[in-house]
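Undergrad: Sending over a structure as structure tokens; questions will come in a sec.
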Amino acid sequence: MCLVMLVPCALAEQARNSCVDCHSKLEGNLRVVVDQSLASVHGHKGMSCTTCHGGNGEVEAKDKAHGAGFRGRISRAQVTELCGSCHADGERMKTFNPSLRTDQLALYHTSVHGKKRDQGDERVAVCTDCHGAHDILPISDPRSPVHPANVASTCKQCHSDGGLMKSYRLASTQYADFSESVHHEAMAVRGDLSAPTCSTCHGSHGAVPPGSASVANVCSTCHVLQAQFFNESVHKDAFPEGCATCHGSHKIKHPDDNFVGLAKGAACAECHSADDDPGQAAQAIHDRLTQFEAQISDTRALMDRAANAGMDVADAELEMAQAKDALTKARVRVHTASLPRVEAELSTGKMVAIKAHNTAEEALRERNRRRKELLIPVTAFLAVVISLGAYIRELERKPSD
Amino acid sequence: MNATARVQTWIDERLNLEEALSPLREKTVPVHRHSTWYFLGGLTLFLFGIQLLTGVLLLLYYHPSAGEAYESVQNITNRVQFGWLVRSIHSWSANLMVFCAFAHMFSVALARAYRKPRELTWISGVILLFLVLGFGFSGYLLPWNTRAFFATKVGTEVAGQLPVLGHAIMVFMRGGEDVSGATLTRFFGLHIAILPALTIGILISHLMLVQKFGASVPESVEKDWEKHPERKKEMLFFPNFFLRELIGWYAALAVVIALAVFLPSELGTKADPFSPAPPGIKPEWYFLAQFQTLKLIPAHILSLDGELLGILGFGLGGAAWLGLPFIEDFVGARRVRWVKVGIIFVMIYLASMSVLGYVSR
Amino acid sequence: MVTRALPGECPFEKQNATSMPRRTALRFLVGTMVASVASLLYPVLRYLVPPPESGMSANEALAARIDELKPNSGKTFRFGSRPALLVRLASGEYRSTSAVCTHLGCTVQYRPETSQIWCACHNGCYDLTGKNVSGPPPRALDAYEVNVRGQEIYVIRKQAA
């Protein structure tokens with residue numbers, strides 16, 4: 001059995017494990033599969049059944065095996081303290097992995113799960129619900145339920161259960177919303193493990209929904225500039241919920257330029273209209289952004305035409321990249337809610353886009369020039385061919401003419 | 001005597017040029033309804049000349065190392081005055097030369113001009129075709145772009161499938177186990193030194209053989225002339241035939257330059273050995289027929305590897321084609337028509353496989 | 001029957017051509033041929049003259065002049081068709097990396113306050129060798145070699161063989 005994982009097993013105790021000898025023959029919940037626990041991170045560190053369950057793993061007789069110190073089945077109420085008996089013990093953890101944190105249990109007690117459990121609620125999440133029991137893997141292992149790519153699916157097991165959530169008067173749409181978001185797409189589709197998942201914003205052991213005032217703090221860890229600009233703007237005092245006011249919390253979609261302005265569905269239109277100055281500024285920002293984007297696409301199309309005709313547009317490529325950067329910067333500055341600041345970025349961008357456009361136009365002009373210049377040798381060759389024909393005719397004219 | 005005549009006499013007194021040139025002065029070309037096909041050989045030669053000239057020009061700026069090849073071609077195309085023109089002419093003229101070589105060969109085959117005594121001319125010609133394909137294969141890699149890199153990878157892998165010697169041949173071609181800078185150096189040496197030397201040698205023999213035996217006349221015309229000798233027509237090579245050839249050459253040059261201006265060759269992206277092959281990699285059109293054939297052969301035929309059988313088939317086919325004059329002797333005078341049918345079948349097969357290869361993904 | 005030039009009038013024999021139309025046709029032919037050769041010779045001759053900066057390959061670029069950057073500051077410049085970053089450390093030394101963030105491609109910048117390379121899009125940070133040290137970027141920035149030649153600072157990209 002151990003041959004399956006020969007090398008990793010080298011460190012594990014090869015002593016008789018009488019627990020497994022019996023329990024592998026049992027059915028249902030009492031059935032223990034050997035590979036599971038030996039392959040787990042605990043198994044690799046030399047621990048076995050008795051570490052958590054107590055008892056004696058070296059004797060066959062049941063009464064002796066289940067003798068002194070046997071804890072039997074660990075109930076849900078006992079799980080956290082049992083895990084914490086090692087994992088919250090700094091001295092003990094140091095002998096296994098000094099860089100592992102030991103505050104998980106303490107944090108847990110501050111979390112909603114922990115508080116409820118301390119009040120006696122047995123349905124909330126305990127250690128084993130997220131980490132597993134016998135088959136616990138390190139979080140860097142892609143098979144672990146708490147690997148960043150798997151966290152959301154693990155949380156969803158309870159939090160998408162409508163009935164369960166209703167009893168706590170909680171929504172159960174968070175996972176569904178999150179799976180439509182740009183953050184989920186970054187992780188699940190693009191494989192970007194740095195993208196946020198449930199635990200990034202809510203915490204893992206100390207899981208709480210961030211208070212409405214602190215949502216922005218969470219977002220600003222990555223979206224530094226947007227948060228900074230927002231804080232400088234008039235909207236900061238108006239909206240204590242910050243980012244979530246316009247962008248939502250779970251179903252955060254990638255905003256496009258229509259998110260700004262007064263059109264139906266735009267965020268600004270929720271409060272402003274064409275009758276007030278800010279509303280008009282919002283619409284102006286929208287118009288400037290879409291106009292610049294159109295300018296960039298036109299230039300891009302022109303560059304593609306030139307490239308397809310075999311002309312070199314490398315210079316224009318760099319300028320295009322700079323123009324796109326300027327557009328991104330302008331969009332970020334939308335959070336200032338200030339038209340002049342957005343326009344400042346756009347004017348830099350426009351100058352660069354115009355340069356790219358001119359480079360592409362010059363390339364196309366050169367192409368046309370080459371096509372016209374082609375007429376020179378072709379005309380000369382045509383003249384030669386005609387003269388050849390005439391000369392041959394002359395040469396072969398019969399003397400009687 | 002005017003100046004030209006004096007120079008001529010001066011040279012003639014020392015080098016006996018008159019004696020050497022007189023056979024050329026007398027050289028004639030038969031004139032009949034199929035005479036136009038005679039221009040193809042000279043056209044191929046002319047295009048080869050263009051390749052030599054544009055090739056030497058490209059050599060002045062090209063850097064044959066993996067780190068610099070692509071950039072040097074980029075330099076030629078974008079920065080050197082008329083570099084784009086030289087490069088695109090070289091690329092288009094290569095394609096046209098291969099096409100003319102095939103056309104010349106097939107017109108000779110259909111006219112059965114390989115008959116006695118012209119067997120050696122035929123053999124040297126087929127060898128020249130293989131050399132031209134070698135030029136195409138080796139030159140294609142030199143810009144070191146993605147397409148060329150993977151086309152070379154696939155092409156050399158096919159060679160590696162041969163039994164016994166295949167792997168050794170592949171390593172020899174690649175200069176190592178994989179396509180790398182070593183392959184580029186090797187192909188460069190092949191393309192600018194080894195192949196030109198071989199080609200010029202064999203080309204001279206081919207031309208001398210043509211000079212010795214003159215242009216072959218199709219059997220039907222020959223018979224007609226035997227019966228009606230007054231119908232026999234000939235033309236002096238110099239100046240009459242040659243002036244006509246010049247028309248063809250100028251027209252071809254105009255076409256090549258127009259193609260270079262309207263359909264310039266692309267640079268592509270620089271080859272990256274570590275990135276996966278882009279989908280739909282195909283060889284150049286003159287290898288498409290073989291490529292498509294290999295794709296269509298089932299993986300196994302009677303427990304033998306299909307691709308291997310395909311390659312061996314090509315080898316046998318090439319050998320048979322080379323020995324076409326002897327095959328004719330083998331099948332006997334009565335079955336000659338079948339040889340012609342066979343040739344037409346080969347032409348149709350190659351054409352349709354090429355088209356299929358072009359349209360398939 | 002052999003088609004040949006009229007006896008005594010082949011231009012390849014002694015010059016005895018007598019007919020006017022023949023001479024004109026020949027002169028015209030020679031003239032057009034000379035013109036055609038000239039139209040070919042012109043691009044060839046232009047080709048033979050090397051362009052001004054043909055020594056510069058896409059593996060090397062002029063990044064800045066020697067007194068352009070103050071210590072502890074950075075400059076974005078063009079390298080090939082992508083942006084690159086040249087940083088002058090407080091000690092006066094130069095470092096150079098690609099300026100394309102390995103996360104989502106935004107252009108990074110030098111931050112004098114922290115002496116780090118920073119990406120404004122999602123707060124990614126790199127150290128001065130290009131190594132990604134915090135935030136989303138999954139890989140280091142490509143590092144380039146800096147070569148000071150006289151008054152000019154060149155940046156060179158290492159090539160894989």
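The values are calculated or read from the model by the stated rules, or taken from the named source; none is laboratory data. Just so we're clear, the structure is a prediction, and the values are computed from it rather than from any experiment. We place every Cβ from the backbone using ideal geometry, glycine too, and count neighbours over all the protein chains shown.
Undergrad: Look at residue B:121 and say whether it is touching a residue at least 24 places away in the same chain (Cβ under 8 Å), on the phi < 0 side of the Ramachandran plot, within 14 Å of chain C (Cβ to nearest Cβ) and hydroxyl-bearing (Ser, Thr, Tyr).
TA: no
Quick grid of which residues meet (1) in contact with a Ser or Thr (Cβ under 8 Å, 6 or more places away or on another chain); (2) within 30 Å of residue A:236 (Cα to Cα):
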residue	(1), (2)
A:293	no, yes
A:320	yes, no
A:325	yes, yes
A:343	no, yes
A:379	no, no
A:394	yes, no
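Undergrad: Only one residue in A:294, A:282 is among the small types (Gly, Ala, Ser) and either closer than 30 Å to residue B:79 by Cβ or surrounded by fewer than 15 Cβ atoms within 10 Å (Cβ to Cβ) (or both). Which one?
TA: A:294
Undergrad: Could you run through the range C:69-117 and say how many residues are part of a loop (DSSP other than H, G, I, E, B) and touching a residue at least 12 places away in the same chain (Cβ under 8 Å)?
TA: Residues flagged as part of a loop (DSSP other than H, G, I, E, B) and touching a residue at least 12 places away in the same chain (Cβ under 8 Å) within the range C:69-117 amount to 18.
Undergrad: Provide a single number: the residues in the range A:159-184 that are in contact (Cβ under 8 Å) with a residue 12 or more places away in the chain and charged (D, E, K, R).
TA: 2
Undergrad: Yes or no: the range B:243-266 includes at least one residue that is among the aromatic types (Phe, Trp, Tyr), outside any strand (DSSP E or B), within 14 Å of another protein chain (Cβ to nearest Cβ) and over 26 Å from residue B:74 (Cβ atoms).
TA: Yes - at least one qualifying residue is present in the range B:243-266.
Undergrad: Please work out which residue is nearest to residue B:25 (Cα to Cα), limiting yourself to the range B:226-239 and to residues that are part of a helix (DSSP H, G or I) and without any contact (Cβ under 8 Å) to a residue 24 or more places away in the chain.
TA: B:239
Undergrad: Among the candidates A:365, A:370, A:300, which residue alone is under 30 Å from the mean Cα position of the chain (by Cα) and modelled with pLDDT of 90 or more?
TA: Only one candidate passes the filter, namely A:300.
Undergrad: Related question: Being basic (Lys, Arg) and farther than 30 Å from residue B:39 by Cα is the filter here, so list the residues in the range B:161-220 that pass it.
TA: Passing the criteria: B:174, B:186.
Undergrad: Let me ask you something else. Working only within the range A:144-157, note down all residues that are free of Cβ contacts under 8 Å to residues at least 40 places away in the same chain and part of a loop (DSSP other than H, G, I, E, B).
TA: Once the filter is applied, which keeps residues that are free of Cβ contacts under 8 Å to residues at least 40 places away in the same chain and part of a loop (DSSP other than H, G, I, E, B), the range A:144-157 yields A:144, A:145, A:147, A:150.
Undergrad: Here are the criteria: (1) under 21 Å from residue C:121 (Cα atoms); (2) in contact with a Lys or Arg (Cβ under 9 Å, 6 or more places away or on another chain); (3) outside any helix (DSSP H, G or I). Tell me which single one residue A:319 does not satisfy.
TA: That leaves (3) as the condition not met.
Undergrad: Taking the stated definitions as given, is residue B:314 within 14 Å of chain A (Cβ to nearest Cβ) and part of a helix (DSSP H, G or I)?
TA: For residue B:314, the condition - within 14 Å of chain A (Cβ to nearest Cβ) and part of a helix (DSSP H, G or I) - is not met.
Undergrad: If the Cβ limit is 8 Å and pairs must be 6+ apart or interchain, which residue in the range B:93-110 that is touching a residue at least 24 places away in the same chain (Cβ under 8 Å) pairs with which residue that is acidic (Asp, Glu)?
TA: Pairs found: B:95/B:284.
Undergrad: Please determine whether any residue of the range B:144-161 is free of Cβ contacts under 8 Å to residues at least 12 places away in the same chain and farther than 30 Å from residue B:338 by Cβ.
TA: Within the range B:144-161, one or more residues are free of Cβ contacts under 8 Å to residues at least 12 places away in the same chain and farther than 30 Å from residue B:338 by Cβ.
Undergrad: Here's a follow-up. Which helices (runs of 4 or more DSSP H) does the range A:230-308 wholly contain that include 2 or more residues that are within 30 Å of residue B:266 (Cβ to Cβ)?
TA: The qualifying helices (runs of 4 or more DSSP H) are A:277-308.
Undergrad: Taking only the range C:130-146 into account, find how many residues are surrounded by 19 or more Cβ atoms within 10 Å (Cβ to Cβ) and either on the phi > 0 side of the Ramachandran plot or not in a loop (DSSP other than H, G, I, E, B) (or both).
TA: Of the residues in the range C:130-146, 4 are surrounded by 19 or more Cβ atoms within 10 Å (Cβ to Cβ) and either on the phi > 0 side of the Ramachandran plot or not in a loop (DSSP other than H, G, I, E, B) (or both).
Undergrad: Let me ask something additional. Is the range A:366-383 home to any residue that is surrounded by 14 or more Cβ atoms within 10 Å (Cβ to Cβ), away from chain C (no Cβ under 12 Å) and either under 30 Å from residue C:20 (Cα atoms) or out of contact with any Phe, Trp or Tyr (no Cβ under 6 Å at 6 or more places or on another chain) (or both)?
TA: yes
Undergrad: Now, a different point. Grab the helices (runs of 4 or more DSSP H) fully contained in the range A:28-143, keeping just those with 2 or more residues being touching a residue at least 24 places away in the same chain (Cβ under 8 Å) and within 30 Å of residue A:187 (Cβ to Cβ).
TA: Once the helices (runs of 4 or more DSSP H) in the range A:28-143 are filtered for at least 2 residues that are touching a residue at least 24 places away in the same chain (Cβ under 8 Å) and within 30 Å of residue A:187 (Cβ to Cβ), what remains is A:34-39, A:41-44, A:76-87, A:104-110, A:112-118, A:127-131.
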